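Comments concern the structure below.
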Amino acid sequence: MTGTLHAVRFPGESDAYRAARDRLLEREIELRGALEAVAALRRELPLGGRVKEDYVFDEANRAAAGSIALSKLFEGGKRSLIVYSYMYGPAAEQPCPMCTSFLDGVNAYAPHITQRVNLVVVARSPAERLRAWAARRGWDRLRLLSSASNTYNADYAAETPDGQQLPACNVFTSTDAGIFHFWSAEMLYAPTPGHARHVDLLWPIWSFFDLTPEGRGKDWLPKLSYP
């Protein structure tokens, strides 16, 4: 039995399986190339708009509580800032389960991300409410900020005009000329079939399911807790 792409074979596989797997592998290689090409195009974006204001946030889970301006979130000489908008508004009884699942993972690898870029999570709930929730989830590595006293969420498409919260992800860059918006996960706002899945590439749980015969399924969604 010979293959066209590599010599590795697994116990008991058939010629039909190998032929189908090689066809799939070719597509997987194409997909990786497409992802890398898109990332290259993203890096070539010109600067977006200058930030509307130097928003002031309330620290929610750092030892020293207080306020901090957007400009001060660029630390350690790193010029990029990733801001994830958490769907947890002041009127919500509980946070978004999907956002929470995503952030459970991000909490674990935040120390790796912040070696190269700045990373914060912003929500509209007051700082004390976010602090209590972070303690409950064991989020000890995320930098969680409250936007309760500013218009960041509304300005950067993380909130509808009637106050509903949206799960946005925005990237800002600091330059000698000031701070500019660079990128947003805009598939959330574009007409796409089904769920926008605009942060899936940052959320590996779905990639695990995609490896299986069952796939993602049609009905399963993350919950805040499981039996």
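The values are calculated or read from the model by the stated rules, or taken from the named source; none is laboratory data. Everything quoted here is computed from the prediction, not taken from an experiment. Reconstructed Cβ throughout: ideal geometry from the backbone, glycine too, with neighbour counts over all protein chains shown.
Just a yes or no: is a residue in segment 193-204 in contact with a helix residue (DSSP H, G or I) (Cβ under 8 Å, 6 or more places away or on another chain) and farther than 24 Å from G48 by Cα? The answer is yes; a qualifying residue exists.
Listed by first and then second residue, the pairs with beta-carbon distance under 8 Å, at least 6 apart or on different chains, first residue in segment 1-26 and basic (K, R), second surrounded by fewer than 11 Cβ atoms within 10 Å (Cβ to Cβ) and modelled with pLDDT under 95, are R9/M1; R18/M1. Restricting the first member to segment 211-226 and to residues that are within 11 Å of M98 (Cβ to Cβ), and the second to residues that are modelled with pLDDT of 90 or more and surrounded by fewer than 10 Cβ atoms within 10 Å (Cβ to Cβ), the beta-carbon pairs closer than 8 Å and six or more apart or on different chains are L224/Q94. Of the residues in segment 4-11, at least one is of a type outside the set (V, I, T) and in contact with a helix residue (DSSP H, G or I) (Cβ under 6 Å, 6 or more places away or on another chain).
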